[in-house]
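Student: What follows is a single structure, and I will ask about it in a moment.
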Amino acid sequence: MAKQKGIIPIVGTLGGFNFYYLKGKPIVRVAGGGFNGKAIKTKASMQRVRENGSEFGHCSRVNKIFRQALHPFYAGYTFSHFHSRLMTLFTRIKTLDTTSARGARRVGIGVDTAVGVRELCDFEYTPDCRPHTVLPFPFSMDWGTYTLSISDVDVAQIPFISGATHVVVQFGVLDFDFETLNYQLHLADAVPVSKTFSDPLISMTPNTVPSGSGTLLAVCGVRYYQEVAGVLYELNRSEAVGIEVVGVF
């Protein structure tokens, strides 16, 4: 790489040399070098790049469909950086696949491990609004009946955000095949919790029963609402919408 000298600096390729600006200064270097599509596909030195690209593509596809499956929990609201945060999760889970060759590791195999299950349940899908923080009570999942129970509910302990009069609790069992990316979401009736809610138990069972062969995820969602003239209106801000995986089967 060398600096250009002359009255009129050149930009472009001429006679096997590239002319361009770098940090405001005219530079010249021999043309060629760098990566290209053919080299990445064929060169032995690019093997690790091909492996990483294959696994990144797989995680990206899982990410896209997984977000679609969760959409009913946050319909009408767009989370910032949701895609990139889930990519971090699925990339970590993918590395738990110790049976597949590098370049062919799969999220689904990672999910089948104890650590993979813990990753799905411990991950903060919505850091600004976590269901366990909004509802700081014991959660229990009965996989025999697909029922989620939240016990010892004390509305005085629920942190209602500014403008909110209700928290609506939603629950569903997501039957998700991490290999084929087919899924079915089985939702229960949502439960509205007002500031005068007095029931110590919230129990929710999906209206349909999972029948697929995928991984079953118990998903809890919370959303703050404001009541105006007897009508509930969604509060669309980051601290008003929350999602959490509370169990995996």
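The values are calculated or read from the model by the stated rules, or taken from the named source; none is laboratory data. Being a predicted model, the structure only gives us computed values, none of them experimental. For neighbour counting, all protein chains shown are included, and Cβ atoms are generated from backbone atoms with ideal geometry for every residue, glycine included. These area figures cover heavy atoms from the full protein model, side chains too; ligands, DNA and RNA do not enter into them. Shrake-Rupley method; radii C 1.70, N 1.55, O 1.52, S 1.80 Å.
Student: Tell me, which residue of segment 172-227 that is over 25 Å from Ser162 (Cα atoms) and charged (D, E, K, R) is surrounded by the fewest Cβ atoms within 10 Å (Cβ to Cβ)?
Tutor: Asp189
Student: Test each condition in (1) out of contact with any Cys (no Cβ under 8 Å at 6 or more places or on another chain); (2) open to solvent by less than 20 Å² (accessible area, probe 1.4 Å); (3) within 12 Å of Glu55 (Cβ to Cβ); (4) of a type in the set (A, V, I, L, M) for Ala104 and report the one that comes out false.
Tutor: Result: Ala104 fails condition (2) only.
Student: Can you pull out the residues in segment 143-158 that are open to solvent by 60 Å² or more (accessible area, probe 1.4 Å) and either on the phi > 0 side of the Ramachandran plot or touching a Ser or Thr at 6+ places or on another chain (Cβ under 7 Å) (or both)?
Tutor: Thr145, Asp152
Student: Do we find that Phe139 is surrounded by 15 or more Cβ atoms within 10 Å (Cβ to Cβ) and under 28 Å from Leu235 (Cβ atoms) in this structure?
Tutor: Yes; evaluated as a whole, the condition is true for this residue.
Student: Look through segment 96-151, keep the residues that are of a type in the set (Asp, Glu) and either touching a Leu at 6+ places or on another chain (Cβ under 9 Å) or assigned to a loop (DSSP other than H, G, I, E, B) (or both), and return whichever of them is nearest to Ser194 (Cα to Cα).
Tutor: Asp128
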